[in-house]
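The values are calculated or read from the model by the stated rules, or taken from the named source; none is laboratory data. Keep in mind that this is a model prediction, so the values were computed, not measured. Cβ sites come from the backbone with ideal geometry, for glycine too, and all protein chains shown count toward neighbours. For accessibility, only protein heavy atoms count, side chains too; no ligands or nucleic acids. Shrake-Rupley method; radii C 1.70, N 1.55, O 1.52, S 1.80 Å.
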Amino acid sequence: MLDGVTGLGWGGIVLYVLATTHVTIAAVTIFLHRAQAHRALDLHPAVSHFFRFWLWLTTGMVTKEWVAVHRKHHTHCETEDDPHSPQVLGLPALLTRGTELYRAAAADVQTLERFGRGTPDDWLERHLYSRHPTLGITLLALADLVLFGPLGLTAWAVQMLWIPVLAAGVINGIGHYVGYRNFATEDASRNILPWGVLIGGEELHNNHHAYPGSARLSARPWEFDIGWLYIRILEMLGLARVKRTLPQLAWRGEGEALDLEAARACAAARLELASRYVRHVLVPVLREELRGPAWRRLARRLRGLPADLDGALRRELETAAAASPRLRAAWEGYLELKAQWASAGSYERLRDALEAWRRRAEASGVEAMRRFARELAGLRLRGAKALA
């Protein structure tokens, strides 16, 4: 009986741990994150309850607590009120004390009341899952011991560490510190890898912060989100309904004037367009107009879509723009676009504002800016479920 009732050796136990921890990751990203925290999809009650039961068994996490802490993170990202920002607390703190930070935030009654609304509140939640969160992981420990003998306790330890290390440490820590950016979000979020497999697609963290209400986290053709694959399978089986995805743009070439459809596409994909403007207008103009190591470094930083584009880096850009009328026109065009997206209020007003901006861009004498303005006029959204 030292090998447990299964008689499996190390190889079999490793496969068991990999399979069970992957189901746990799928439950976190599909149920807790995309369905509960962001309401990006609806799950069939049977699927939702399976995920709730599985998370109770393998993590002891309470749905309302996880959702509340995550929503607070998005509301106060990279500030003193962010429950887990490596930009504020430091990366070592997230890697070594991520679970402690989560528990401290989850213990705040005001956080739960403000950010935890809409989570399950049925009999099972009140009398079992929330009331006895450690019972599930205790039962899992006993099951592992029976199945695999003493080695089962090692398997159980890995199962218990999986979410604290990968979620609290890697996603919350490294995902706001190291990686690449598709979108110039105001926070420091980054995509850790373009292939989201090990953490269920959560590796694509910058994409998520750009469009948090999207059920799909991949944004580029070369990116892969395995969580989205599982959602599509559930949807085809009638067990899920996707409500929103990030906008997919159809670039139809250059147009002469903006219409309401173009304005709607611009509103939905404003972060995509802001990032495209930086890389396809600001960076080329900067490289053409200015010379020297300092300007080359500035161009490289801009290509990385840094989070401080409106902070310290803005002062450097304004200094550079003072030495180049063309760069100044391109930089002012970027600021005007952001202001219009933020204050338009309706598609009609945005269309009129963008059309006026397009005419100014045509008269700017900056070819990259003129080309960008013409492309806006031909822009369309693909997909009825795109975020608007």
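So here's what we get for this one:
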| read-out | value |
| --- | --- |
| Sites matching chymotrypsin sites (Phe, Trp or Tyr not before Pro) across the stretch 210-311 that sit in DSSP coil, with at most 10 neighbouring C-beta atoms within 10 Å | TRP222 |
| Matching label, semi-axes √(5λ) of the Cα gyration tensor in Å computed from the structure shown, candidates (i) 48, 25, 18; (ii) 45, 22, 19; (iii) 38, 23, 20 | (ii) |
| Carbon plus sulfur fraction of accessible area for the chain, probe 1.4 Å, in percent | 59 |
| The stretch 317-388-the stretch 192-206 distance, computed between alpha-carbon centres (Å) | 31 |
| The stretch 110-238: relative contact order in percent, alpha carbon pairs under 8 Å with at least 6 residues between | 13 |
| Heavy-atom accessible area ranking, 1.4 Å probe, most first, across THR99, THR138 | THR138, THR99 |
| Length-normalised contact order of the chain in % [C-alpha pairs under 8 Å, at least 6 apart] | 18 |
| Other-chain or far-sequence residues with amide H under 5 Å of GLN248's (modelled H) | ARG382 |
| Tilt relative to the chain, helix 151-163 - C-alpha long axis, 0 to 90 degrees, to 10 | 30 |
| Solvent-accessible surface (1.4 angstrom probe) belonging to HIS280, in square angstrom, nearest 10 | 100 |
| Per residue solvent-accessible surface (Å²) - the chain, probe of 1.4 Å | 46 |
| For the chain, built as a Gaussian network whose Cα springs stay under 10 Å, the top-fluctuating residue of LEU198, LEU15, LEU249 | LEU15 |
| Probe 1.4 Å - accessible area at HIS127, Å² to nearest ten | 70 |
| Global size of the stretch 232-373 as Cα Rg and Dmax, reported in angstrom | 17.6, 60 |
| Overall dimensions of the stretch 1-84 as given by Cα atoms, namely Rg and Dmax in Å | 16.7, 53 |
| Gaussian network model of the chain, springs between alpha carbon atoms under 10 Å - residue of ARG287, ARG39, ARG190 with greatest fluctuation | ARG287 |
| GNM result for the chain, Cα springs below 10 Å: residue of LYS338, LYS64, LYS243 fluctuating most strongly | LYS338 |
| Computed [θ] at 222 nm, deg cm²/dmol, the chain (DSSP H ≥ 4; -39,500 (n - 2.57); rounded to nearest 500) | -16500 deg cm²/dmol |
| Average Cα contact separation per residue, the stretch 172-227, under 8 Å, 6 or more apart, as relative contact order % | 31 |
